[in-house]
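The values are calculated or read from the model by the stated rules, or taken from the named source; none is laboratory data. Worth saying up front: this structure is predicted, and the values here are computed from it rather than measured. We place every Cβ from the backbone using ideal geometry, glycine too, and count neighbours over all the protein chains shown.
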Amino acid sequence: MKTKRLLVLIGIALVFCSCGEPRYMLYNWGKNSSSKNASEYEALLYDNYHTQSPESVCALICQYEYMVTHPGGLRKVVPPGICAEYGYLLLSPETPNTFLNHATRSQKETFGTAGDYGALFREKGLQMFQKEMELYPESTVFIEPLVKKLSQQ
């Protein structure tokens, strides 16, 4: 009888122990933001899609750059899809002018003293697509046609 109670208590304890938030994530999605326990990346992405503004685009570009240059988590690799999203954003035709005209000084310093954001973003965007395919080969099916199409333009 005591053995059954002990097993039940151990089972209940294991259930409660497994319900907590994981301490270590496989990927680094950015610091936790103050809004709704989301990461900074998630908050910026939501803001950009919900109420897109030039400032939200600039902030998102810098967040992507940080995530790509400072991969974290247990794997120490950029999260899946981030390089592709970043590359797509950089290759959008309006992005260079938006960044040039609306980025803060510290945001512009992220990319050094580049004056021609069009050429820089085009080169970096294609590099991000290549990096996504290297890190996650299964994405090649989706990204390769985009790269071919963009290379022809």
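Answer yes if at least one residue in region 110-133 is among the polar types (S, T, N, Q), farther than 16 Å from Thr69 by Cα and crowded, with 16+ Cβ neighbours inside 10 Å, and no otherwise.
no
Could you check region 59-99 and list, in sequence order, the residues that are over 14 Å from the mean Cα position of the chain (by Cα), of a type outside the set (Gly, Ala, Ser) and farther than 15 Å from Tyr136 by Cβ?
Once the filter is applied, which keeps residues that are over 14 Å from the mean Cα position of the chain (by Cα), of a type outside the set (Gly, Ala, Ser) and farther than 15 Å from Tyr136 by Cβ, region 59-99 yields Leu74, Leu91, Pro93, Glu94, Thr95, Pro96, Asn97, Thr98, Phe99.
Return a yes/no flag: does region 116-124 have any residue that is of a type outside the set (Val, Ile, Thr) and within 26 Å of Leu26 (Cα to Cα).
yes
Sort through Lys4, Lys36, Lys31 and tell me the only one that's surrounded by fewer than 16 Cβ atoms within 10 Å (Cβ to Cβ), modelled with pLDDT under 90 and under 13 Å from the mean Cα position of the chain (by Cα).
Criteria check complete, one pass: Lys31.
Consider region 92-124. How many of its residues are in a helix (DSSP H, G or I) and either touching a residue at least 60 places away in the same chain (Cβ under 8 Å) or of a type outside the set (Asp, Glu) (or both)?
Residues flagged as in a helix (DSSP H, G or I) and either touching a residue at least 60 places away in the same chain (Cβ under 8 Å) or of a type outside the set (Asp, Glu) (or both) within region 92-124 amount to 19.
Check Val77 against each of (1) part of a helix (DSSP H, G or I); (2) touching a residue at least 40 places away in the same chain (Cβ under 8 Å); (3) among the aliphatic types (A, V, I, L, M) and name the one condition it does not meet.
(1)
Quick check on my filter: what residues within region 48-78 are aliphatic (A, V, I, L, M) and surrounded by 16 or more Cβ atoms within 10 Å (Cβ to Cβ)?
Matches in region 48-78: Val57, Ala59, Leu60, Ile61, Met67, Val68, Val78.
Which of the residues spanning region 100-144 are of a type in the set (Val, Ile, Thr), within 20 Å of the chain's Cα centre (by Cα) and under 24 Å from Ser56 (Cβ atoms)?
Thr110
Within region 134-153, track down each residue that is among the aromatic types (Phe, Trp, Tyr) and crowded, with 16+ Cβ neighbours inside 10 Å.
Hit for region 134-153 is Tyr136, nothing else.
Give the residues of region 40-68 that are out of contact with any helix residue (DSSP H, G or I) (no Cβ under 7 Å at 6 or more places or on another chain) and either at pLDDT below 85 or assigned to a helix (DSSP H, G or I) (or both), sorted by residue number.
Matches in region 40-68: Glu42, Ala43, Tyr46, Tyr49, His50, Glu65, Tyr66.
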